[in-house]
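This report concerns only the one structure given below.
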Amino acid sequence: MVKKTAKAPGNPIRLRVREVEKRRLTTSEGDNVKTMAAAAMMAMVMGTAGPVLADSDSLITLGLGQSLGVSHVKPVSGGTANNVVTEFNMRLRMLAVLGVDFNYNMSGEQTVGHGESYSSNYRLSALLYLVPTSVMSLYLSAGAGASELSSLTESDLLNKSYHGGGGLEVYIGSHMSLAAEFLMLIPEVEQIVVSQQALRVDASARPTGASLVDAPEVSDYITPENFQLSLGLKYYF
């Protein structure tokens, strides 16, 4: 009678090593497939996406440029005054709908009447984009200006000029923009010289009103007859 001998079981350590190697191969193959799929999807997105115009859709972007404008004001002493204003502009846009403008008046302040300065050396504005698109944007603008840069951070309301209005920005190519802007102007009240004579005169150049004039206030100059219209070119980074 022949006895059957059972086969000796394989080495358990070698079996575990083989199982681990099989798992590694399976995992590696799966990772490779996922990587190739992600790369293909990224290539498709990059191939179909168009260029972003002037970074209008970016979360944050900085623009530098220059503007040329004309200011039209009616001094309280009578008549009208028109001046050419050239400004350097730096604009910071955030979240596509918010912006901050800093303007430097390269033409310098030009006083009219009794020392009224409507176009300050420095202007700081807050912007709100109502219609932000990749082709054009419509925005509102309001802020303050001052003869000295340090005055912009002071709490005194009388040593600042004020402005408010809006503009239209049209994007050209990938980074350039052309903007038209209208601003209503209020002069720096602190610079206005108050004398014993009435500030306003009639058509015959004779003083009218009281002989003693009270110190002017900011509200005395809120009128759409004092404005600045400008065109600007800007490059966005």
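Readers should treat all values here as calculations from the given coordinates under stated rules, not as data from a laboratory. Everything numeric here is computed off the predicted structure, so don't read it as measured data. When we count neighbours, we look across all protein chains shown, and the Cβ atoms used for this are built from the backbone with ideal geometry, even at glycine.
The table below lists the values:
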| read-out | value |
| --- | --- |
| Inter-label distance, nm, simple model (7 Å from Cα along the C-beta direction), L95/S134 | 2.3 nm |
| Cβ-based net charge around I186, under 13 Å, with every Lys or Arg adding one and every Asp or Glu removing one | -3 |
| Peptides 148-156, 97-105 ordered by average Cβ neighbours within 10 Å, highest first | 97-105, 148-156 |
| At R0 = 30 Å, FRET efficiency that the Cβ-Cβ distance of K74 and F237 yields, to 0.05 | 0.15 |
